[in-house]
1. May I ask you to list the lysines whose Cα is less than 19 Å away from that of A:Lys334, ignoring any residue fewer than eight positions away on the same chain?
2. Once the cut-off is 19 Å, how many percent of the Cα-Cα pairs in the stretch A:159-275 end up in the long-distance tail?
3. Counting other Cβ atoms within 10 Å of each Cβ, which trypsin sites (Lys or Arg not before Pro) in the stretch B:201-258 have at most 14 and sit in a DSSP loop?
4. Give the relative contact order (percent, whole number) for chain B; include only Cα pairs under 8 Å separated by 6+ residues.
5. How many partner chain Cβ atoms sit within 10 Å of a residue's Cβ in peptide A:180-190, on average, as a whole number?
6. Would you calculate, for chain A, the mean residue ellipticity at 222 nm contributed by helices, counting each DSSP H stretch of 4 or more residues as -39,500 (n - 2.57) and dividing by all residues, to the nearest 500?
7. Just the Cα atoms of the protein assembly as shown: what Rg and Dmax do they give in Å?
8. Holding the Cα-Cα limit at 20 Å, pick out from A:Lys239/A:Lys284; B:Lys46/B:Lys136; A:Lys46/A:Lys333 the pairs that are longer than that.
There are 2 protein chains.
Amino acid sequence: MTDKASVGVVKTQYVTFRDDFFFESGRVVSSVTVAYETYGQLNGAKDNAILVCHALTGSAHAAGFNREDEQKPGWWDAMIGPGKAFDTDKYFVICSNFLGSCFGTTGPSSIDPSTGKRYGLKFPVVTIRDMVRLQKRLIDYLGIEKLFCIAGGSMGGMQALEWGATFPDSTRSILPIATSAHITPMSIAFNAIAKFAIMKDPRWNGGDYYDEEIPVDGLAIARMAGHITYLSDQAFHNKFGRRYANFEGIYDFKGMFEVENYLRYNGYKFTEVFDANTYLYVLKAMDIFDLSYGRGNLDEALSAITAKSLFLTFTSDFLFPPYQAEEIVAIMKKQGKETDWINITSDYGHDAFLLEFEVQTGLIKDFLSRV
Amino acid sequence: MTDKASVGVVKTQYVTFRDDFFFESGRVVSSVTVAYETYGQLNGAKDNAILVCHALTGSAHAAGFNREDEQKPGWWDAMIGPGKAFDTDKYFVICSNFLGSCFGTTGPSSIDPSTGKRYGLKFPVVTIRDMVRLQKRLIDYLGIEKLFCIAGGSMGGMQALEWGATFPDSTRSILPIATSAHITPMSIAFNAIAKFAIMKDPRWNGGDYYDEEIPVDGLAIARMAGHITYLSDQAFHNKFGRRYANFEGIYDFKGMFEVENYLRYNGYKFTEVFDANTYLYVLKAMDIFDLSYGRGNLDEALSAITAKSLFLTFTSDFLFPPYQAEEIVAIMKKQGKETDWINITSDYGHDAFLLEFEVQTGLIKDFLSRV
């Protein structure tokens, strides 16, 4: 994408709701701050707002640049901007950092006002439903009664789906991408590796490490496990093959293949920007998300949705296998809902929602034009 | 399988070769012990011997019981015994613990005679070719000139394949199961998680932990990562679904799904029997195995094989995707070799070679009858 189509320099905004926020678990936090960004203009009728929901390790910074000299734009910059999939000439796009994150919205790494110390593991377990309920407060605060669309990939797609079922009157459409109504047991297993890696790092110290060394190794290994799930067998072949990072070292115990070097580099780089407890919380939110929970079964959960919907999946995504969205859409079609599922052919695996811009742009533009 | 078909009580045997063993890396160990078991009788012509090669964490104990009161039989007991796939009424079956293991054959957890201490990371990096060359010494020692067959699954199948290329005159057939001529970059990535988990456990201490606490957490996490690769998406669904081990704990930070509990239990159980350095060595052997290495390319490597061959794979095995054996067999067929590939439909994933007895038994019996 060229700079021409960029939303330009954007400032992250913050709003603090100074009344009790009740979590799904029954626990309470006395005040919650939400970090968010907006792109484009809210029209007079306030009916052109699109909420974009970010994934596991994302932030409110979805498009443009936070500083003139920022090197990398927001995480979905290729999709949000003038003339792009989420066209800021037409729509008012909002992205808020979700509850429990470490990028501005209140979470385990925030200061607990009652103690003056970071919450750590004292922060309540966060669910996707909690995240959505906080987003709803932001939308209310912005004076928007009904969103035009709620879109997101991966954990962002879970939020879009949960919005549709929790606040059916609050959006005209949902666009869940590379997601499902609950993750598979295999995905839980990957998350378990990550959680064990963090919690078994001695520096994790029961989540109380903020004044000491952080559990850098545990968090790096956790991220490495994540990276496997974002790719696919074919993506690994294409990206790395069996190239050796240092061929001299093939019989050296610490010799590494390029793929190992990549995992190590990105694993440790992640520890510079992301908080270990937060990672535990967002994995937990992902694990326990089940659209059916408290709603009988998946059929009943989906029956609440009135928004028009489009589900996008990617053929090589094994973290959110396409059969999950296929099942959802089959049920919703039986229920007579306006919905569709498109399984995009891609080798990129789960990461495809962050990489396959062109095909997504066409499909999303077409979908939004029909809402 | 019933006791009737068991090979009964079997004693593990040991032989020590007291001359220098040269590793592929150029390094030398002054004496090597091999642990092995045999089942059935070697005939007068010495032409009915089948070598069975074990996988990553296996041992020489492939069939029967080492003690009258042993609870579990050898790792491939369902396949080795009177009337079974590897019929001990007909064949003399040998299984030897591979070089670098911790179950009797010399490896990093063995005592280095020159120091009186365990080798640890001073042990040379072991390759599949090294393993095969040591197995050849055992076969020579047993007075067998030409094996009837060499069979194995996973890393055992790598050995069968390497045997075929390294010692083409020494076997009439090979039977590589759920294996390939090199692992995929995605499998290297899984192994990387395991290796990092061990090496970043402070108790690992550069591999020098034998007189102190073992790196129990790192090794357990390593094993957990392995367990993911042994199953399949469908196997995870069938085995665990999204059942919660302790439903009360859904909002409890340490609450666990059954699949998490399974990984934890088996991860830590593994640390009671397996050595952490050994795990690093066998993963390394798996990572760097490439049948083509030193032989130009895969075509040339395979052209050396004269043994009749049958490759078995399993449809849901993502650790050794069936397309790998398919590629090998396509090349070998072009080379005019007597070979075949059968892709067995199974939901079990990579573990299928240890679970799909019935279908394997039929195919193996048929193959052996035609050797």
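The values are calculated or read from the model by the stated rules, or taken from the named source; none is laboratory data. No experiment lies behind these values; they were computed from the predicted model shown. As a convention, Cβ positions derive from the backbone with ideal geometry for all residues, glycine included, and neighbour counts pool all protein chains shown. Calculation scope for accessible area: heavy atoms of the full protein, side chains included, ligands and nucleic acids excluded. Shrake-Rupley method; radii C 1.70, N 1.55, O 1.52, S 1.80 Å.
1. Here the lysines satisfying the reach criterion relative to A:Lys334 are A:Lys308.
2. 63 percent
3. Those that pass, being in a loop and sparsely packed, are B:Arg243, B:Lys254.
4. The value is 17 percent.
5. That average works out to 6.
6. -10500 deg cm²/dmol
7. Taking only Cα atoms of the protein assembly as shown, I get Rg and Dmax of 28.3, 96 Å.
8. A:Lys239/A:Lys284; A:Lys46/A:Lys333
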